[in-house]
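Peer 1: The following block contains the structure, expressed as structure tokens.
The values are calculated or read from the model by the stated rules, or taken from the named source; none is laboratory data. Quick caveat, the model's predicted, so the values are computed rather than measured. Glycine gets a Cβ as well: all are built from the backbone with ideal geometry, and neighbour counts include every protein chain shown. Side chains included, ligands, DNA and RNA excluded: accessible areas come from the protein's heavy atoms. Shrake-Rupley method; radii C 1.70, N 1.55, O 1.52, S 1.80 Å.
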Amino acid sequence: MAITIDTDKEQDIEDLQYDIDDSRKTDRWSDAPADLKELFHVLEWNIIDGEHAKTNSLIEPALAKGVSPRTLIAGPMAKGIAEVGRRFKMDEYFLPEVMMSAKCMQAALATLKPLIIAEKAEEIGTVVVGTVQGDLHDIGKKIVAMMMEAAGFTVVDLGVSVPPEDFIAAIRKHKPKIVGFSALLTTTMNMQWETLKIIKAEGLREAVKVFVGGAPISQAWCDKIGADAYASDALVAVDKARACIFKYGAIKGGDPQLHANMLVIDAEREAMKAKATATAG
Ligand code: B1M
């Protein structure tokens, strides 16, 4: 009798094992000075425990020690909320716990936002962002919006569960150079595609460069739906958005050449990372 292997399930188990190994690392902040390492650990655990007042009370001391807002967001805060996601997936946490941890992230981001925006560079254009219809996740999108603003963009954030017609209206009203869709659910990622189709049908595709992001989104998905750029995180989003203005401003949205140029940025980033790792080793 033929043996049937459920490869989807196998994939899941591998994913979970990776997550578990990662979350059990006890020496995560080993390259930070001892006092910061302790502070990062406590911040991360307060997010995991959903202690929003305590989380927020750690932001000032961290800043006073010279830690940048970006390091706090990309470091202990990101690790904390990722562990919450793992626990949720493993049925160790339920919705109320996730909501408490999300509140911690929101509170800390609200404290950090003015500092990030204060770094705002010279105005370089408008970006419209939103979480697509049906999806209420907005922590990652808010980080992307903040970083874009600091880089000099005027950001029009349409919020969460944004229907395609609201994106269309915002493109007509604000005439952005870039429009970005965030989606965190496998059930809502398709709304990125639907929204893009409506942008095309309305004759606006060439007027905007379309960015996609969110946990289930990948370069393969970006290729499949015909978006211009995929950003795995906020820093990649800023890099690509700046390139769309300064290097590829003359290329229209939807042009395959623009898509190819965005892939070159990823390749360059990977090469730089590999070089840095080789030098460190
Ligand atoms: Co939800 N949730 N959630 N949740 N939640 C996930 C996404 C999930 C993966 C958890 C899990 O199972 N492990 C799972 C989705 C599974 C799937 O689809 N396969 C899930 C689920 C199932 C659900 C509900 C359906 C649960 C339920 O009701 N039974 C429900 C859905 C509600 C809805 O949207 N209709 C739900 C609800 C919620 C809360 C409201 C409680 C809360 C959201 C609060 C909020 O956002 N205001 C919540 C949270 C917090 C999470 C997790 C734990 C954390 C998400 C997050 O904030 N990450 C999440 C688990 C996970 O993702 N591992 C989970 C931190 C953030 C910084 O990362 O958003 O990825 P991220 O953003 C990154 C990049 O992705 C990128 O840059 C960001 C910064 O670096 N990026 C972009 C994001 N958007 C971008 C846009 C760009 C470019 C880059 O261009 C425009």
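Peer 1: For the pair residue 54 and residue 223, what calculated FRET efficiency results from E = 1/(1 + (r/R0)^6), where r is the Cβ-Cβ distance and R0 = 45 Å, to the nearest 0.05?
Peer 2: FRET efficiency, residue 223 to residue 54: 0.55.
Peer 1: Subtract the Cα-Cα distance of residue 71 and residue 247 from 0.36 nm times their separation in residues, and report this length gain in nm to one decimal. Can you show the working numbers first?
Peer 2: On the way: separation 176, 0.36 × 176 = 63.36 nm, distance 2.75 nm.
Contour length minus Cα-Cα distance gives 60.6 nm.
Peer 1: Right, here's the next one. Quick check for you: with a 1.4 Å probe and neighbouring chains kept, what is the accessible area per residue of the chain, in Å²? Don't skip to the answer; put the middle values down first.
Peer 2: Values: 14850 Å² over 281 residues.
Ligands and nucleic acids excluded, the result is 53 Å² per residue.
Peer 1: Angle between the Cα long axis of helix 139-150 and the longest principal axis of the chain, 0 to 90 degrees, nearest 10?
Peer 2: Taking Cα atoms only, the helix is inclined about 70 degrees.
Peer 1: Work out the length of the dipole vector of the range 77-233 about its Cα centre, built from +1 on the beta-carbon of each Lys and Arg and -1 on the beta-carbon of each Asp and Glu, and round it to the nearest 20 debye. Don't skip to the end; give the middle numbers.
Peer 2: Values: 18 positive and 19 negative charges, 24 e Å.
The dipole of the range 77-233 has a size of about 120 debye.
Peer 1: Where Lys and Arg each count +1 and Asp and Glu each count -1, what net charge lies around residue 231 among other residues with Cβ under 13 Å from its Cβ? Each step should come with its number before you reach the end.
Peer 2: Values: positive: 141, 209, 240, 242, 269; negative: 228, 233, 239, 266.
Combined, the nearby Lys, Arg, Asp and Glu give +1.
Peer 1: Around residue 145, under 11 Å between beta carbons, what's the net of Lys plus Arg minus Asp minus Glu among the other residues? Provide the component values of the computation, followed by the final result.
Peer 2: Values: positive: 113, 141, 142; negative: 138, 149, 157.
Neighbour charge sum, excluding residue 145 itself: 0.
Peer 1: With θ taken as phi - 60° and the coefficients 6.51, -1.76 and 1.60, list the Karplus ³J(HN,Hα) couplings across the range 64-80 in order, rounded to whole Hz; mark glycine and proline as x.
Peer 2: 4, 7, x, 6, 7, x, 5, 5, 4, 5, 6, x, x, 5, 5, 5, x
Peer 1: Relative contact order of the range 199-281: what whole-number percent is it, with Cα pairs under 8 angstrom and at least 6 residues apart? If you can, show how the numbers build up before the last one.
Peer 2: On the way: 73 pairs, mean separation 23.8, N = 83.
Rounded, it is 29 percent for the range 199-281.
Peer 1: While we're on this one: Looking at the square roots a ≥ b ≥ c of the eigenvalues of the Cα gyration tensor of the range 82-199, which shape do they give, rounded for a/c under 1.5, prolate if a/b is larger than b/c, or oblate?
Peer 2: oblate
Peer 1: Oh, and also: In whole angstrom, how far apart do the alpha carbon centroids of the range 130-196 and the range 46-65 sit?
Peer 2: If we compute the Cα centre of each part, the gap is 28 Å.
Peer 1: Here is a further query. Please list, by residue number, everything in the range 255-278 whose backbone N is under 12 Å from a paramagnetic label point 7 Å out along Cα→Cβ of residue 206.
Peer 2: 255
Peer 1: Just how far, in whole angstrom, is the range 198-238 from the range 241-262 if you go by their alpha carbon centroids?
Peer 2: 12
Peer 1: Relative contact order for the range 32-173 using alpha-carbon pairs under 8 Å, separation at least 6, rounded to a whole percent? Can you show the working numbers first?
Peer 2: Numbers: 179 pairs, mean separation 31.4, N = 142.
Taking the mean separation of contacting Cα pairs over the length of the range 32-173, I get 22 percent.
Peer 1: Let me ask something additional. Against the longest principal axis of the chain, how steep is helix 234-246, in degrees 0 to 90 to the nearest 10, with axes from Cα atoms?
Peer 2: Computed tilt is about 30 degrees.
Peer 1: Taking springs between alpha-carbon atoms closer than 10 angstrom, which of 210, 129, 84 fluctuates most in the Gaussian network model of the chain?
Peer 2: 84
Peer 1: Percent of Cα-Cα pairs more than 32 Å apart in the chain, please.
Peer 2: 29
Peer 1: Below 8 Å, C-alpha to C-alpha, sequence gap of six or more: please give me the relative contact order for the range 104-253 in percent. Show your work: numbers first, answer last.
Peer 2: Values: 263 pairs, mean separation 34.5, N = 150.
Over the range 104-253, the number comes to 23 percent.
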